[in-house]
Amino acid sequence: MERGGKPRRVSRRAILKAGALLGGGTLLSGCERVISETTERLGLAIPAHIAVGSSTDIDPVFHLLSRAAYAPWPGDVARVRAQGIENWIDEQLEPESIDDSLCDMRSRRFETISMRPGDCYEFKDEALRNDITRHTLLKAIYSKRQLFEVMVAFWTDHLNINLEKGDCIYLKASDDRDVVRKHALGNFKDLIRASALSPAMLVYLDGKENKREKNTDIPNENYARELLELHTLGVNGGYTQKDVFEAARCLTGWRLHQRGEFAKGSVYFDKTFHDDGEKIVLGKTITAGGGDKDIDALIEIVTAHPSTARYVAGKLVRFFVSDEPPPSLVERVAKVFSAERCEIKPMVRMILTSKEFSENRGNKFKRPFRFIVSSLRLLGADTFAKSGLTEYLSRMGHGPFQYPTPDGYPEEMSPWLGTLLWRWNFALALSFNELDSVTLHLDALRKALTSDREPKVTADLLIRYLCGRTSRASEVAALKAFQQPDKSDPNTAGTETHLNELLGLVIASPAFQRF
(Lines give C-alpha, C1' and ligand atoms only; values in the text may rest on other atoms or scores of the structure.)
Protein backbone atom coordinates (compact mmCIF):
# COMPACT_ATOMS: atom_id res chain seq x y z
CA MET A 1 0.00 0.00 0.00
CA GLU A 2 1.32 3.43 -0.91
CA ARG A 3 1.55 6.34 1.49
CA GLY A 4 -1.74 8.01 2.20
CA GLY A 5 -3.58 4.68 2.41
CA LYS A 6 -4.17 4.27 -1.33
CA PRO A 7 -3.81 0.72 -2.66
CA ARG A 8 -0.91 0.02 -4.96
CA ARG A 9 -2.12 -0.76 -8.46
CA VAL A 10 -0.63 -3.99 -9.77
CA SER A 11 0.09 -3.79 -13.47
CA ARG A 12 -0.37 -6.65 -15.89
CA ARG A 13 3.38 -6.46 -16.63
CA ALA A 14 4.17 -6.94 -12.94
CA ILE A 15 1.94 -10.00 -12.79
CA LEU A 16 3.54 -11.52 -15.87
CA LYS A 17 7.02 -10.75 -14.57
CA ALA A 18 6.32 -12.33 -11.19
CA GLY A 19 4.81 -15.34 -12.91
CA ALA A 20 7.93 -15.74 -15.04
CA LEU A 21 10.18 -15.56 -11.99
CA LEU A 22 8.11 -18.26 -10.35
CA GLY A 23 8.13 -20.54 -13.35
CA GLY A 24 5.75 -18.99 -15.82
CA GLY A 25 6.41 -21.80 -18.27
CA THR A 26 4.71 -24.30 -15.98
CA LEU A 27 2.17 -26.53 -17.71
CA LEU A 28 -1.53 -26.00 -17.08
CA SER A 29 -1.50 -28.61 -14.32
CA GLY A 30 0.74 -26.28 -12.32
CA CYS A 31 -1.24 -23.12 -13.12
CA GLU A 32 -2.84 -22.92 -9.69
CA ARG A 33 0.53 -23.17 -7.96
CA VAL A 34 1.89 -20.36 -10.12
CA ILE A 35 -1.15 -18.17 -9.37
CA SER A 36 -0.83 -18.85 -5.63
CA GLU A 37 2.86 -17.98 -5.59
CA THR A 38 2.40 -14.96 -7.84
CA THR A 39 -0.45 -13.45 -5.85
CA GLU A 40 1.41 -14.08 -2.58
CA ARG A 41 4.49 -12.33 -3.93
CA LEU A 42 2.36 -9.37 -5.07
CA GLY A 43 0.50 -8.84 -1.80
CA LEU A 44 -1.80 -11.72 -0.80
CA ALA A 45 0.45 -12.90 2.01
CA ILE A 46 0.51 -12.89 5.80
CA PRO A 47 2.55 -9.87 6.95
CA ALA A 48 5.56 -10.24 9.21
CA HIS A 49 3.67 -8.84 12.19
CA ILE A 50 -0.03 -8.59 13.05
CA ALA A 51 -1.01 -6.30 15.90
CA VAL A 52 -4.04 -7.40 17.91
CA GLY A 53 -6.15 -5.30 20.23
CA SER A 54 -6.45 -5.48 23.99
CA SER A 55 -9.94 -4.06 24.58
CA THR A 56 -12.87 -5.94 26.04
CA ASP A 57 -15.05 -4.33 23.34
CA ILE A 58 -14.82 -5.34 19.70
CA ASP A 59 -12.35 -3.06 17.94
CA PRO A 60 -14.23 -0.47 15.78
CA VAL A 61 -12.11 -1.21 12.70
CA PHE A 62 -12.51 -4.96 13.19
CA HIS A 63 -16.27 -4.40 13.51
CA LEU A 64 -16.36 -2.40 10.26
CA LEU A 65 -14.38 -5.05 8.39
CA SER A 66 -16.62 -7.79 9.77
CA ARG A 67 -19.83 -6.14 8.52
CA ALA A 68 -18.88 -4.03 5.48
CA ALA A 69 -16.41 -6.72 4.42
CA TYR A 70 -16.32 -10.47 4.98
CA ALA A 71 -13.58 -10.10 7.62
CA PRO A 72 -10.13 -8.53 7.76
CA TRP A 73 -7.41 -10.11 5.69
CA PRO A 74 -4.25 -10.41 7.86
CA GLY A 75 -2.91 -6.89 8.36
CA ASP A 76 -6.10 -5.14 7.20
CA VAL A 77 -7.03 -3.78 10.64
CA ALA A 78 -3.75 -1.87 10.93
CA ARG A 79 -4.02 -0.59 7.34
CA VAL A 80 -7.58 0.66 7.74
CA ARG A 81 -6.79 2.25 11.10
CA ALA A 82 -3.96 4.19 9.45
CA GLN A 83 -6.18 5.08 6.48
CA GLY A 84 -9.16 6.12 8.60
CA ILE A 85 -12.59 4.50 8.75
CA GLU A 86 -14.42 7.11 6.67
CA ASN A 87 -11.66 7.17 4.06
CA TRP A 88 -11.94 3.39 3.75
CA ILE A 89 -15.73 3.61 3.37
CA ASP A 90 -15.43 6.29 0.69
CA GLU A 91 -12.84 4.23 -1.17
CA GLN A 92 -14.97 1.09 -1.01
CA LEU A 93 -17.98 2.97 -2.33
CA GLU A 94 -16.02 3.55 -5.55
CA PRO A 95 -15.07 -0.07 -6.30
CA GLU A 96 -13.99 0.62 -9.88
CA SER A 97 -11.12 2.70 -8.45
CA ILE A 98 -9.73 -0.31 -6.54
CA ASP A 99 -7.28 -2.55 -8.36
CA ASP A 100 -8.59 -6.12 -8.07
CA SER A 101 -6.19 -7.85 -10.44
CA LEU A 102 -4.94 -10.34 -7.84
CA CYS A 103 -8.47 -11.58 -7.24
CA ASP A 104 -9.12 -11.65 -10.99
CA MET A 105 -6.24 -14.07 -11.48
CA ARG A 106 -8.24 -16.65 -9.54
CA SER A 107 -11.81 -15.75 -10.46
CA ARG A 108 -11.58 -15.16 -14.23
CA ARG A 109 -10.88 -18.80 -14.97
CA PHE A 110 -14.58 -19.72 -15.27
CA GLU A 111 -15.63 -19.18 -18.88
CA THR A 112 -19.37 -19.54 -18.36
CA ILE A 113 -19.47 -16.51 -16.04
CA SER A 114 -18.88 -14.08 -18.92
CA MET A 115 -21.01 -15.82 -21.56
CA ARG A 116 -24.31 -14.70 -23.05
CA PRO A 117 -27.31 -16.68 -21.73
CA GLY A 118 -27.77 -18.62 -24.96
CA ASP A 119 -24.19 -19.85 -24.98
CA CYS A 120 -24.59 -21.46 -21.56
CA TYR A 121 -27.07 -24.00 -22.93
CA GLU A 122 -24.06 -25.82 -24.41
CA PHE A 123 -22.79 -26.72 -20.92
CA LYS A 124 -23.93 -29.33 -18.42
CA ASP A 125 -25.79 -28.17 -15.34
CA GLU A 126 -23.04 -29.40 -13.04
CA ALA A 127 -20.40 -27.31 -14.80
CA LEU A 128 -22.55 -24.17 -14.65
CA ARG A 129 -23.36 -24.67 -10.98
CA ASN A 130 -19.72 -25.33 -10.18
CA ASP A 131 -18.49 -22.22 -12.05
CA ILE A 132 -20.87 -19.72 -10.48
CA THR A 133 -20.42 -21.16 -6.98
CA ARG A 134 -16.63 -21.09 -7.12
CA HIS A 135 -16.58 -17.66 -8.75
CA THR A 136 -18.80 -16.25 -5.99
CA LEU A 137 -16.65 -17.77 -3.25
CA LEU A 138 -13.35 -16.59 -4.71
CA LYS A 139 -14.66 -13.06 -5.17
CA ALA A 140 -15.79 -12.95 -1.54
CA ILE A 141 -12.48 -14.33 -0.25
CA TYR A 142 -9.97 -12.39 -2.33
CA SER A 143 -11.58 -9.25 -3.73
CA LYS A 144 -10.25 -5.95 -2.41
CA ARG A 145 -13.67 -4.55 -3.29
CA GLN A 146 -15.10 -6.08 -0.14
CA LEU A 147 -18.03 -3.74 0.41
CA PHE A 148 -19.09 -4.30 -3.19
CA GLU A 149 -19.04 -8.09 -2.69
CA VAL A 150 -21.08 -7.75 0.51
CA MET A 151 -23.65 -5.65 -1.37
CA VAL A 152 -23.74 -8.23 -4.17
CA ALA A 153 -24.73 -10.81 -1.56
CA PHE A 154 -27.41 -8.49 -0.17
CA TRP A 155 -29.06 -7.85 -3.53
CA THR A 156 -28.70 -11.51 -4.55
CA ASP A 157 -30.98 -12.44 -1.65
CA HIS A 158 -33.26 -9.45 -2.19
CA LEU A 159 -33.79 -10.51 -5.82
CA ASN A 160 -33.42 -14.23 -5.21
CA ILE A 161 -33.37 -16.64 -8.15
CA ASN A 162 -33.04 -20.39 -7.61
CA LEU A 163 -30.68 -22.08 -10.07
CA GLU A 164 -32.69 -25.27 -9.92
CA LYS A 165 -35.93 -23.97 -11.45
CA GLY A 166 -36.42 -24.46 -15.17
CA ASP A 167 -33.70 -22.87 -17.31
CA CYS A 168 -32.45 -20.58 -14.52
CA ILE A 169 -29.16 -22.46 -14.30
CA TYR A 170 -28.35 -21.37 -17.87
CA LEU A 171 -29.41 -17.78 -17.25
CA LYS A 172 -28.27 -16.90 -13.72
CA ALA A 173 -24.63 -16.08 -14.58
CA SER A 174 -25.74 -13.22 -16.82
CA ASP A 175 -28.22 -12.07 -14.15
CA ASP A 176 -25.40 -12.00 -11.59
CA ARG A 177 -23.22 -10.02 -13.99
CA ASP A 178 -25.68 -7.68 -15.72
CA VAL A 179 -28.21 -7.11 -12.96
CA VAL A 180 -26.78 -7.60 -9.47
CA ARG A 181 -23.11 -6.75 -10.00
CA LYS A 182 -23.78 -3.97 -12.47
CA HIS A 183 -26.15 -2.14 -10.09
CA ALA A 184 -25.06 -3.29 -6.60
CA LEU A 185 -23.85 0.21 -5.68
CA GLY A 186 -25.78 2.08 -8.35
CA ASN A 187 -29.41 3.14 -8.48
CA PHE A 188 -32.20 1.01 -6.99
CA LYS A 189 -34.69 1.89 -9.72
CA ASP A 190 -32.21 0.82 -12.41
CA LEU A 191 -31.57 -2.38 -10.46
CA ILE A 192 -35.28 -3.25 -10.29
CA ARG A 193 -35.82 -2.56 -13.99
CA ALA A 194 -32.83 -4.70 -14.95
CA SER A 195 -34.12 -7.51 -12.73
CA ALA A 196 -37.64 -7.30 -14.15
CA LEU A 197 -36.29 -7.93 -17.65
CA SER A 198 -33.60 -10.42 -16.66
CA PRO A 199 -34.00 -13.71 -18.56
CA ALA A 200 -33.41 -15.61 -15.31
CA MET A 201 -36.10 -13.66 -13.44
CA LEU A 202 -38.54 -14.02 -16.34
CA VAL A 203 -38.14 -17.78 -15.96
CA TYR A 204 -38.00 -17.98 -12.17
CA LEU A 205 -41.16 -15.96 -11.49
CA ASP A 206 -42.95 -16.92 -14.71
CA GLY A 207 -42.84 -13.48 -16.31
CA LYS A 208 -42.31 -15.04 -19.72
CA GLU A 209 -45.71 -16.73 -19.33
CA ASN A 210 -47.46 -13.44 -18.55
CA LYS A 211 -49.62 -12.65 -21.58
CA ARG A 212 -53.05 -11.25 -22.31
CA GLU A 213 -54.27 -11.57 -25.88
CA LYS A 214 -57.93 -10.80 -25.04
CA ASN A 215 -59.78 -9.28 -22.12
CA THR A 216 -60.88 -12.64 -20.79
CA ASP A 217 -57.25 -13.79 -20.34
CA ILE A 218 -55.97 -13.60 -16.78
CA PRO A 219 -52.37 -12.33 -16.53
CA ASN A 220 -49.78 -14.34 -14.60
CA GLU A 221 -49.33 -12.47 -11.31
CA ASN A 222 -46.31 -14.31 -9.89
CA TYR A 223 -43.67 -11.69 -10.65
CA ALA A 224 -45.99 -8.72 -10.05
CA ARG A 225 -46.78 -9.99 -6.55
CA GLU A 226 -43.13 -10.48 -5.62
CA LEU A 227 -42.22 -7.12 -7.17
CA LEU A 228 -44.55 -5.42 -4.69
CA GLU A 229 -44.15 -7.76 -1.72
CA LEU A 230 -40.43 -8.55 -1.76
CA HIS A 231 -38.62 -6.24 -4.15
CA THR A 232 -40.15 -2.81 -3.47
CA LEU A 233 -43.00 -1.92 -1.06
CA GLY A 234 -42.80 -4.89 1.31
CA VAL A 235 -45.59 -7.13 2.56
CA ASN A 236 -47.06 -4.31 4.68
CA GLY A 237 -46.45 -1.64 2.06
CA GLY A 238 -50.09 -0.75 1.48
CA TYR A 239 -50.76 -2.39 -1.88
CA THR A 240 -53.91 -4.39 -2.64
CA GLN A 241 -54.76 -7.42 -4.74
CA LYS A 242 -56.07 -5.01 -7.36
CA ASP A 243 -52.61 -3.37 -7.48
CA VAL A 244 -51.03 -6.79 -8.08
CA PHE A 245 -53.45 -7.46 -10.92
CA GLU A 246 -52.84 -4.04 -12.51
CA ALA A 247 -49.07 -4.43 -12.16
CA ALA A 248 -49.28 -7.84 -13.86
CA ARG A 249 -51.16 -6.21 -16.75
CA CYS A 250 -48.31 -3.69 -17.12
CA LEU A 251 -45.83 -6.55 -17.39
CA THR A 252 -47.59 -8.62 -20.07
CA GLY A 253 -45.84 -9.36 -23.36
CA TRP A 254 -42.22 -9.88 -22.33
CA ARG A 255 -40.90 -13.13 -23.79
CA LEU A 256 -37.74 -15.18 -24.27
CA HIS A 257 -36.42 -16.35 -27.64
CA GLN A 258 -36.24 -20.14 -27.74
CA ARG A 259 -34.96 -20.77 -31.27
CA GLY A 260 -34.41 -19.17 -34.67
CA GLU A 261 -32.16 -16.30 -35.67
CA PHE A 262 -32.10 -14.72 -32.20
CA ALA A 263 -29.93 -15.92 -29.34
CA LYS A 264 -31.70 -18.44 -27.14
CA GLY A 265 -32.67 -16.91 -23.82
CA SER A 266 -32.65 -13.30 -25.06
CA VAL A 267 -35.57 -11.04 -24.12
CA TYR A 268 -38.04 -9.41 -26.51
CA PHE A 269 -41.41 -7.66 -26.30
CA ASP A 270 -44.40 -9.07 -28.16
CA LYS A 271 -47.12 -6.40 -28.35
CA THR A 272 -49.73 -8.97 -29.38
CA PHE A 273 -49.46 -10.48 -25.88
CA HIS A 274 -49.54 -7.11 -24.09
CA ASP A 275 -52.54 -5.59 -22.36
CA ASP A 276 -52.35 -2.04 -23.70
CA GLY A 277 -55.34 -0.64 -21.84
CA GLU A 278 -55.34 1.92 -19.03
CA LYS A 279 -54.05 0.73 -15.66
CA ILE A 280 -54.21 2.19 -12.16
CA VAL A 281 -51.42 1.13 -9.78
CA LEU A 282 -51.25 2.48 -6.22
CA GLY A 283 -53.62 5.24 -7.21
CA LYS A 284 -51.51 6.35 -10.19
CA THR A 285 -52.91 6.14 -13.72
CA ILE A 286 -50.88 4.61 -16.55
CA THR A 287 -52.53 5.74 -19.78
CA ALA A 288 -53.50 3.32 -22.51
CA GLY A 289 -51.22 2.70 -25.48
CA GLY A 290 -47.96 2.63 -23.56
CA GLY A 291 -46.83 -0.70 -24.96
CA ASP A 292 -43.36 -1.69 -23.80
CA LYS A 293 -43.08 1.60 -21.83
CA ASP A 294 -45.66 0.38 -19.30
CA ILE A 295 -42.90 -1.40 -17.40
CA ASP A 296 -41.03 1.89 -16.91
CA ALA A 297 -44.18 3.65 -15.69
CA LEU A 298 -44.82 0.80 -13.25
CA ILE A 299 -41.29 0.79 -11.86
CA GLU A 300 -41.34 4.57 -11.47
CA ILE A 301 -44.52 4.31 -9.41
CA VAL A 302 -43.42 1.48 -7.11
CA THR A 303 -39.87 2.73 -6.49
CA ALA A 304 -41.09 6.27 -5.70
CA HIS A 305 -43.62 5.03 -3.14
CA PRO A 306 -42.78 5.93 0.51
CA SER A 307 -43.22 2.30 1.56
CA THR A 308 -40.39 1.28 -0.76
CA ALA A 309 -38.03 3.77 0.87
CA ARG A 310 -38.87 2.42 4.34
CA TYR A 311 -38.73 -1.21 3.24
CA VAL A 312 -35.36 -1.01 1.49
CA ALA A 313 -33.93 1.11 4.31
CA GLY A 314 -35.15 -1.41 6.88
CA LYS A 315 -33.58 -4.35 5.05
CA LEU A 316 -30.25 -2.57 4.69
CA VAL A 317 -30.19 -1.56 8.36
CA ARG A 318 -31.11 -5.10 9.39
CA PHE A 319 -28.33 -6.46 7.17
CA PHE A 320 -25.60 -4.15 8.44
CA VAL A 321 -26.67 -3.23 11.98
CA SER A 322 -29.11 -5.50 13.81
CA ASP A 323 -31.83 -8.10 13.32
CA GLU A 324 -33.99 -5.58 15.17
CA PRO A 325 -33.32 -2.43 13.10
CA PRO A 326 -33.24 0.81 15.12
CA PRO A 327 -36.33 2.75 13.90
CA SER A 328 -34.61 6.15 13.97
CA LEU A 329 -31.83 4.95 11.66
CA VAL A 330 -34.33 3.29 9.32
CA GLU A 331 -36.22 6.57 9.05
CA ARG A 332 -33.05 8.56 8.31
CA VAL A 333 -31.93 6.09 5.65
CA ALA A 334 -35.43 6.11 4.09
CA LYS A 335 -35.24 9.88 3.79
CA VAL A 336 -31.88 9.58 2.04
CA PHE A 337 -33.36 7.01 -0.35
CA SER A 338 -36.09 9.44 -1.36
CA ALA A 339 -33.95 12.58 -1.40
CA GLU A 340 -31.22 10.94 -3.47
CA ARG A 341 -33.72 9.45 -5.94
CA CYS A 342 -33.02 5.77 -5.14
CA GLU A 343 -29.21 6.00 -5.14
CA ILE A 344 -27.71 3.18 -3.09
CA LYS A 345 -24.33 4.61 -2.07
CA PRO A 346 -25.68 7.44 0.12
CA MET A 347 -27.78 4.96 2.10
CA VAL A 348 -24.84 2.64 2.69
CA ARG A 349 -22.58 5.54 3.68
CA MET A 350 -25.15 6.81 6.21
CA ILE A 351 -25.51 3.37 7.78
CA LEU A 352 -21.78 2.65 8.08
CA THR A 353 -20.99 6.06 9.59
CA SER A 354 -23.96 6.04 11.99
CA LYS A 355 -23.79 5.82 15.77
CA GLU A 356 -26.15 2.84 15.63
CA PHE A 357 -23.75 0.89 13.41
CA SER A 358 -20.84 1.59 15.76
CA GLU A 359 -22.79 0.57 18.85
CA ASN A 360 -24.19 -2.70 17.52
CA ARG A 361 -21.10 -4.92 17.64
CA GLY A 362 -21.06 -8.70 17.86
CA ASN A 363 -24.87 -8.96 17.84
CA LYS A 364 -25.37 -10.74 14.51
CA PHE A 365 -24.98 -14.44 13.73
CA LYS A 366 -22.85 -15.49 10.77
CA ARG A 367 -24.66 -17.33 8.03
CA PRO A 368 -22.65 -20.29 6.67
CA PHE A 369 -21.26 -18.40 3.67
CA ARG A 370 -19.91 -15.60 5.87
CA PHE A 371 -18.68 -18.10 8.47
CA ILE A 372 -16.60 -19.95 5.88
CA VAL A 373 -15.34 -16.88 4.05
CA SER A 374 -14.43 -15.01 7.25
CA SER A 375 -12.43 -18.04 8.44
CA LEU A 376 -10.48 -18.18 5.20
CA ARG A 377 -9.83 -14.44 5.06
CA LEU A 378 -8.65 -14.10 8.65
CA LEU A 379 -6.25 -17.01 8.19
CA GLY A 380 -4.92 -15.77 4.84
CA ALA A 381 -5.93 -19.06 3.22
CA ASP A 382 -4.81 -20.13 -0.24
CA THR A 383 -7.68 -21.77 -2.11
CA PHE A 384 -9.33 -22.23 -5.49
CA ALA A 385 -12.70 -23.13 -3.91
CA LYS A 386 -12.97 -26.70 -5.18
CA SER A 387 -15.48 -29.30 -4.07
CA GLY A 388 -13.78 -29.91 -0.73
CA LEU A 389 -14.80 -26.38 0.21
CA THR A 390 -18.07 -25.90 -1.65
CA GLU A 391 -19.50 -29.14 -0.26
CA TYR A 392 -19.41 -27.60 3.21
CA LEU A 393 -21.65 -24.78 1.99
CA SER A 394 -24.09 -27.35 0.67
CA ARG A 395 -23.97 -29.36 3.90
CA MET A 396 -24.74 -26.17 5.84
CA GLY A 397 -27.66 -25.37 3.54
CA HIS A 398 -26.19 -22.22 2.04
CA GLY A 399 -25.18 -23.13 -1.48
CA PRO A 400 -25.13 -19.90 -3.54
CA PHE A 401 -28.24 -19.33 -5.68
CA GLN A 402 -29.98 -22.44 -4.39
CA TYR A 403 -32.68 -21.08 -2.08
CA PRO A 404 -36.04 -22.30 -3.43
CA THR A 405 -38.39 -19.43 -2.54
CA PRO A 406 -38.25 -15.79 -3.76
CA ASP A 407 -37.55 -14.26 -0.31
CA GLY A 408 -33.91 -15.41 -0.37
CA TYR A 409 -31.82 -16.97 2.38
CA PRO A 410 -32.91 -15.83 5.88
CA GLU A 411 -30.81 -13.24 7.68
CA GLU A 412 -31.81 -14.08 11.27
CA MET A 413 -30.06 -16.67 13.45
CA SER A 414 -32.68 -19.34 14.20
CA PRO A 415 -32.85 -21.02 10.75
CA TRP A 416 -29.09 -21.61 10.84
CA LEU A 417 -28.71 -23.21 14.26
CA GLY A 418 -28.99 -26.65 12.71
CA THR A 419 -25.69 -26.09 10.88
CA LEU A 420 -23.51 -26.02 14.02
CA LEU A 421 -22.21 -29.59 13.74
CA TRP A 422 -21.02 -28.97 10.18
CA ARG A 423 -19.43 -25.71 11.31
CA TRP A 424 -17.46 -27.56 13.95
CA ASN A 425 -16.38 -30.18 11.42
CA PHE A 426 -15.32 -27.43 9.02
CA ALA A 427 -13.38 -25.55 11.71
CA LEU A 428 -11.34 -28.60 12.70
CA ALA A 429 -10.73 -29.76 9.13
CA LEU A 430 -9.58 -26.26 8.20
CA SER A 431 -7.30 -25.81 11.20
CA PHE A 432 -5.58 -29.15 10.55
CA ASN A 433 -5.08 -28.31 6.85
CA GLU A 434 -7.33 -31.20 5.81
CA LEU A 435 -9.61 -29.36 3.35
CA ASP A 436 -9.12 -30.19 -0.30
CA SER A 437 -7.67 -27.20 -2.22
CA VAL A 438 -7.32 -25.06 0.93
CA THR A 439 -3.85 -24.38 2.34
CA LEU A 440 -3.06 -22.48 5.54
CA HIS A 441 0.36 -21.05 6.31
CA LEU A 442 0.09 -21.53 10.06
CA ASP A 443 3.77 -21.08 10.80
CA ALA A 444 3.65 -17.65 9.17
CA LEU A 445 0.50 -16.80 11.13
CA ARG A 446 2.08 -17.97 14.39
CA LYS A 447 5.16 -15.80 13.81
CA ALA A 448 3.05 -12.80 12.85
CA LEU A 449 0.91 -13.02 15.98
CA THR A 450 3.62 -13.75 18.54
CA SER A 451 6.28 -11.42 19.90
CA ASP A 452 8.81 -11.20 22.72
CA ARG A 453 5.99 -10.08 24.98
CA GLU A 454 3.65 -12.88 23.80
CA PRO A 455 5.90 -15.73 22.61
CA LYS A 456 3.15 -18.34 22.46
CA VAL A 457 -0.21 -18.55 20.73
CA THR A 458 -2.81 -18.71 23.47
CA ALA A 459 -6.57 -18.90 23.49
CA ASP A 460 -6.76 -15.23 24.43
CA LEU A 461 -4.41 -14.22 21.61
CA LEU A 462 -6.43 -16.14 19.02
CA ILE A 463 -9.73 -14.72 20.28
CA ARG A 464 -8.28 -11.21 20.16
CA TYR A 465 -7.20 -11.79 16.58
CA LEU A 466 -10.21 -13.75 15.27
CA CYS A 467 -12.96 -11.98 17.23
CA GLY A 468 -11.54 -8.48 17.65
CA ARG A 469 -11.69 -8.36 21.46
CA THR A 470 -10.12 -9.90 24.53
CA SER A 471 -11.34 -13.27 25.74
CA ARG A 472 -13.69 -13.84 28.64
CA ALA A 473 -12.71 -16.17 31.48
CA SER A 474 -15.60 -18.50 30.66
CA GLU A 475 -14.44 -18.76 27.02
CA VAL A 476 -10.87 -19.67 27.99
CA ALA A 477 -12.13 -22.22 30.50
CA ALA A 478 -14.37 -23.82 27.89
CA LEU A 479 -11.53 -24.05 25.39
CA LYS A 480 -9.22 -25.62 27.95
CA ALA A 481 -11.87 -28.19 28.80
CA PHE A 482 -12.00 -29.36 25.20
CA GLN A 483 -8.27 -29.27 24.51
CA GLN A 484 -6.29 -32.50 24.39
CA PRO A 485 -2.96 -32.38 26.23
CA ASP A 486 0.15 -32.40 24.06
CA LYS A 487 1.73 -35.72 25.04
CA SER A 488 4.82 -35.37 22.86
CA ASP A 489 6.70 -33.93 25.84
CA PRO A 490 5.73 -35.19 29.31
CA ASN A 491 7.21 -32.07 30.92
CA THR A 492 4.80 -29.78 29.03
CA ALA A 493 1.72 -32.01 28.85
CA GLY A 494 -1.39 -29.98 29.43
CA THR A 495 0.39 -26.61 29.19
CA GLU A 496 1.62 -26.33 25.59
CA THR A 497 -0.79 -24.88 23.09
CA HIS A 498 -1.53 -27.11 20.15
CA LEU A 499 -2.11 -24.44 17.49
CA ASN A 500 -4.16 -26.54 15.08
CA GLU A 501 -6.52 -27.80 17.73
CA LEU A 502 -6.84 -24.48 19.52
CA LEU A 503 -7.44 -22.64 16.26
CA GLY A 504 -10.20 -25.07 15.31
CA LEU A 505 -11.86 -24.72 18.71
CA VAL A 506 -11.86 -20.91 18.53
CA ILE A 507 -13.34 -20.91 15.01
CA ALA A 508 -16.01 -23.37 16.19
CA SER A 509 -16.75 -21.31 19.31
CA PRO A 510 -19.81 -19.09 19.87
CA ALA A 511 -17.51 -16.05 19.95
CA PHE A 512 -16.49 -16.55 16.32
CA GLN A 513 -20.03 -17.39 15.16
CA ARG A 514 -21.07 -13.82 15.93
CA PHE A 515 -19.88 -10.68 14.21
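The values are calculated or read from the model by the stated rules, or taken from the named source; none is laboratory data. Everything quoted here is computed from the prediction, not taken from an experiment. Glycine also receives a Cβ, built like all others from the backbone with ideal geometry; neighbour counts cover every protein chain displayed.
Just the residues that are part of a helix (DSSP H, G or I) and in contact with a strand residue (DSSP E or B) (Cβ under 8 Å, 6 or more places away or on another chain), please, taken from the stretch 197-217.
From the stretch 197-217, those part of a helix (DSSP H, G or I) are 199-204, 207-209; that's our starting set.
Result: P199, L202, V203, G207, K208.
Can you pull out the residues in the stretch 351-400 that are touching a His at 6+ places or on another chain (Cβ under 7 Å) and either of a type in the set (D, E, K, R) or farther than 19 Å from G468 by Cβ (or both)? Let's see the steps before the verdict.
From the stretch 351-400, those touching a His at 6+ places or on another chain (Cβ under 7 Å) are 361, 367-369, 380; that's our starting set.
Selection gives R361, R367, P368, F369.
Can you run down the residue pairs with Cβ atoms below 7 Å, 6 or more apart or on separate chains, where the first is in the stretch 180-200 and assigned by TED's automatic domain parsing to the domain that holds V348 and the partner is assigned to a helix (DSSP H, G or I)?
none
I'd like the full set of residues that are touching a residue at least 60 places away in the same chain (Cβ under 8 Å) and of a type in the set (A, V, I, L, M), limited to the stretch 102-143.
L102, M105, I113, I132, L137, L138, A140, I141
Filter the stretch 258-281 for residues that are free of Cβ contacts under 8 Å to residues at least 60 places away in the same chain and either under 24 Å from A200 (Cβ atoms) or buried (at least 20 other Cβ atoms within 10 Å of the Cβ) (or both) and give the result.
Q258, R259, G260, E261, F262, Y268, F269, D270, K271, K279, V281
Can you find a residue in the stretch 196-216 that is within 18 Å of D296 (Cβ to Cβ), modelled with pLDDT of 95 or more and touching a Pro at 6+ places or on another chain (Cβ under 6 Å)? Reasoning before the result, please.
Going through the stretch 196-216, the residues within 18 Å of D296 (Cβ to Cβ) turn out to be 196-198, 201-202, 207, 210.
Next, from what is left, pick out any that are modelled with pLDDT of 95 or more: 196-198, 201-202, 207, 210.
Keeping just the survivors that are touching a Pro at 6+ places or on another chain (Cβ under 6 Å) gives 210.
Scanning the stretch 196-216, I find at least one residue that is within 18 Å of D296 (Cβ to Cβ), modelled with pLDDT of 95 or more and touching a Pro at 6+ places or on another chain (Cβ under 6 Å), so the answer is yes.
Tally up the residues in the stretch 145-179 that are crowded, with 21+ Cβ neighbours inside 10 Å, basic (K, R) and over 23 Å from I89 (Cα atoms), please.
Qualifying residue count for the region: 1.
Could you check the stretch 208-257 and list, in sequence order, the residues that are closer than 15 Å to K271 by Cα, polar (S, T, N, Q) and either touching a Ser or Thr at 6+ places or on another chain (Cβ under 9 Å) or surrounded by fewer than 13 Cβ atoms within 10 Å (Cβ to Cβ) (or both)?
N210, N215
Working carefully through the options E324, E356, find the one that is surrounded by fewer than 16 Cβ atoms within 10 Å (Cβ to Cβ) and out of contact with any strand residue (DSSP E or B) (no Cβ under 9 Å at 6 or more places or on another chain).
Numbers: E356 fails: surrounded by fewer than 16 Cβ atoms within 10 Å (Cβ to Cβ).
Result: E324 is the single residue among E324, E356 that is surrounded by fewer than 16 Cβ atoms within 10 Å (Cβ to Cβ) and out of contact with any strand residue (DSSP E or B) (no Cβ under 9 Å at 6 or more places or on another chain).
Quick one: is D131 outside the structural domain of K264 (by TED's automatic domain parsing), in a helix (DSSP H, G or I) and buried (at least 19 other Cβ atoms within 10 Å of the Cβ)?
Working: outside the structural domain of K264 (by TED's automatic domain parsing): yes; in a helix (DSSP H, G or I): yes; buried (at least 19 other Cβ atoms within 10 Å of the Cβ): yes.
For D131, the condition - outside the structural domain of K264 (by TED's automatic domain parsing), in a helix (DSSP H, G or I) and buried (at least 19 other Cβ atoms within 10 Å of the Cβ) - is met.
Residues of the stretch 200-220 being over 25 Å from P117 (Cα atoms) and of a type outside the set (V, I, T), which ones? Talk me through it step by step, then tell me what you get.
Here is the first cut: in the stretch 200-220, the ones over 25 Å from P117 (Cα atoms) are 212-219.
Correct list: R212, E213, K214, N215, D217, P219.
Restricting the stretch 371-397 to residues that are touching a Phe, Trp or Tyr at 6+ places or on another chain (Cβ under 7 Å) and crowded, with 21+ Cβ neighbours inside 10 Å, which is farthest from M105 (Cα to Cα)? Let's see the steps before the verdict.
Step one: filter the stretch 371-397 for residues touching a Phe, Trp or Tyr at 6+ places or on another chain (Cβ under 7 Å), giving 372-374, 377, 380, 392-393, 395-396.
Subsequent filtering for residues that are crowded, with 21+ Cβ neighbours inside 10 Å retains 372-374, 377, 380, 392-393, 396.
Values: I372: 21, V373: 18, S374: 20, R377: 17, G380: 16, Y392: 24, L393: 23, M396: 28 Å.
Restricting to residues being touching a Phe, Trp or Tyr at 6+ places or on another chain (Cβ under 7 Å) and crowded, with 21+ Cβ neighbours inside 10 Å, the top hit is M396.
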